[in-house]
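**Student:** This is the structure I have questions about; it appears just below.
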Amino acid sequence: MITEREVTSWGEACEQAAALIQSSAAGPLTADLVVVPSAAHRRAFSQHLASRATGPQISAGIEIVTWPVLIGSFQPETWQGEALTLAVLEVLADPGRSTALAPLLHHLGTAATRPGRRYATAQRVGRLLRRYSVQTPQLVDAWRAGDDNGIDGKPLPSAQRWQPALWRGVREQLAGDPAEYFRDRLSEL
């Protein structure tokens, strides 16, 4: 269960979270999850729990994570590293997509004229597509729906339309995308 509370100070946030954790009926093998903005906040919250006059004065059984750690834990493994690079390469090699990917394929050239460029570009573009899914989920939602729009909601220029086409192809190869995966995992909390 996700609980949101409005607070006016860090001390108030710590106290409300501590009271909520103390009142929860978590079992001995269940950890409460607290998400904080930074590692410094994680330490400060843990210290706050230990210094409280009431309650257990320990932070055992509590998982305190930062947003980047939480989001990273929601990343599907297929959208990382070699699996992502290989999926991009598969899409680039698909002759049925050559028209949509023409600007990128022109940039890549051939293996004879630009050896190694295809793999390096697949790595770089794969990371870019993953970042789109994590940092601008509304953009990839539009791409998933078939719209070739940019982050501003306006149609992309023809020279940039290879990006949604490639993203859709990679999504097909990997059976989903990080934005979908993130939403599914978040709903499980």
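The values are calculated or read from the model by the stated rules, or taken from the named source; none is laboratory data. Quick caveat: nothing in here was measured; it's all calculated off a predicted structure. In this analysis, Cβ positions are derived from the backbone assuming ideal geometry, glycine residues included, and neighbour counts consider all displayed protein chains.
**Student:** Would you tally the residues in segment 145-164 being buried (at least 18 other Cβ atoms within 10 Å of the Cβ) and part of a helix (DSSP H, G or I)?
**Tutor:** Residues meeting the conditions: 3.
**Student:** Based on what the data block shows, is ALA100 modelled with pLDDT under 95, surrounded by 14 or more Cβ atoms within 10 Å (Cβ to Cβ) and not in a helix (DSSP H, G or I)?
**Tutor:** yes
**Student:** In this structure, is TRP79 hydrophobic (A, V, I, L, M, F, W, C), under 18 Å from the mean Cα position of the chain (by Cα) and modelled with pLDDT under 80?
**Tutor:** For TRP79, the condition - hydrophobic (A, V, I, L, M, F, W, C), under 18 Å from the mean Cα position of the chain (by Cα) and modelled with pLDDT under 80 - is not met.
**Student:** Name every residue in segment 127-152 that is in contact with a Pro (Cβ under 7 Å, 6 or more places away or on another chain) and at pLDDT below 90, in order of residue number.
**Tutor:** Selection gives ARG130, SER133, VAL134.
**Student:** Take the residues of segment 18-54 that are of a type in the set (D, E, K, R) and outside any loop (DSSP other than H, G, I, E, B): which is nearest to VAL7 (Cα to Cα)?
**Tutor:** Applying the filter and picking the extreme gives ARG42.
**Student:** Modelled with pLDDT of 80 or more and out of contact with any helix residue (DSSP H, G or I) (no Cβ under 7 Å at 6 or more places or on another chain): which single residue out of LEU86, LEU49 fits that description?
**Tutor:** LEU86
**Student:** Now for a different question. Looking at (1) part of a helix (DSSP H, G or I); (2) closer than 30 Å to LEU33 by Cβ; (3) charged (D, E, K, R), find the lone condition where GLU90 falls short.
**Tutor:** (2)
**Student:** Would a scan of segment 165-183 turn up a residue that is of a type in the set (Asp, Glu), surrounded by fewer than 18 Cβ atoms within 10 Å (Cβ to Cβ) and more than 22 Å from the chain's Cα centre (by Cα)?
**Tutor:** Scanning segment 165-183, I find no residue that is of a type in the set (Asp, Glu), surrounded by fewer than 18 Cβ atoms within 10 Å (Cβ to Cβ) and more than 22 Å from the chain's Cα centre (by Cα), so the answer is no.
**Student:** Follow-up. Does PRO115 count as in a loop (DSSP other than H, G, I, E, B) and surrounded by fewer than 13 Cβ atoms within 10 Å (Cβ to Cβ)?
**Tutor:** yes
**Student:** I'm checking my understanding of the structure. Among residues of segment 52-68 that are within 11 Å of ALA18 (Cβ to Cβ) and not aliphatic (A, V, I, L, M), which one is modelled with the highest pLDDT?
**Tutor:** Ranking the qualifying residues of segment 52-68, first place goes to ARG52.
**Student:** Follow-up. Could you please tell me which pairs satisfy a Cβ distance under 7 Å, a separation of 6+ or placement on different chains, a first residue in segment 158-183 that is assigned by TED's automatic domain parsing to the domain that holds VAL69 and under 16 Å from GLN138 (Cβ atoms), and a second residue that is hydrophobic (A, V, I, L, M, F, W, C) and part of a loop (DSSP other than H, G, I, E, B)?
**Tutor:** none
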